[in-house]
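Report on the following structure.
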Amino acid sequence: MGMFATVWDWIWFSFWVFAYVAYLFALIYIVIDIFRSHDINGWMKALWIVLLVFLPFLTGIVYLIVRGQGMAERTAGTRPEIVEYSDEEVRKVSFANPAEEITKAQALRDQGVITDGEFEAIKAKALGSKF
């Protein structure tokens, strides 16, 4: 009959595989948080790691209860703030000097690398048409 006798055996096996993988992710996340935390010293970090190695399930539950709130705050603190750039700032980065861009494009046109149409498009973009 093979490894799985019924559909329910497959569902049960899938559930335990999912639970095991989720548990491993939680342990890895706890280890990352232990090393990210600045409010506990090195010996306490070492103790948490040793406990995670020898009593992983119990230590994981205790860690989430005791330090869960700080864990959420540390995670939120690592997210970068979204920086919005204006069109003018983007233009400054894209075309530091419009005259220089036009000169470069003209040289490429004269060498036959780009066509007249491509040159006109670059020129229009450098002179400030919207993206």
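Given the condition of a type in the set (Asp, Glu), in the same structural domain as residue 24 (by TED's automatic domain parsing) and at pLDDT 85 or above, answer yes or no: does some residue in the range 35-49 qualify?
Checked against the condition, which is being of a type in the set (Asp, Glu), in the same structural domain as residue 24 (by TED's automatic domain parsing) and at pLDDT 85 or above, the range 35-49 yields at least one hit.
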Worksheet, complete the sentence: Residue set 31, 50; condition part of a helix (DSSP H, G or I), over 25 Å from the mean Cα position of the chain (by Cα) and among the β-branched types (Val, Ile, Thr); output residue 50
Discussion item. Among the residues that make up the range 79-88, is at least one of them in a helix (DSSP H, G or I), modelled with pLDDT under 70 and either of a type in the set (Phe, Trp, Tyr) or over 30 Å from residue 33 (Cβ atoms) (or both)?
Written reply: yes
Worksheet entry | Unmet criterion (only one of (1) surrounded by 10 or more Cβ atoms within 10 Å (Cβ to Cβ); (2) out of contact with any Lys or Arg (no Cβ under 8 Å at 6 or more places or on another chain); (3) at pLDDT 75 or above) for residue 65 | (1)
Item to complete: Please determine, by comparing only the residues of the range 1-56 that are of a type in the set (S, T, N, Q) and without any contact (Cβ under 8 Å) to a residue 12 or more places away in the chain, which one is farthest from residue 68 (Cα to Cα).
Response: 6
Discussion item. Take residue 117 and tell me if it is in a helix (DSSP H, G or I), modelled with pLDDT of 85 or more and of a type in the set (Gly, Ala, Ser).
Written reply: yes
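The values are calculated or read from the model by the stated rules, or taken from the named source; none is laboratory data. Values in this document were obtained by computation on a predicted structure and should not be read as measured data. Every residue, glycine as well, gets a Cβ built from its backbone with ideal geometry; the counts of neighbours run over all protein chains shown.
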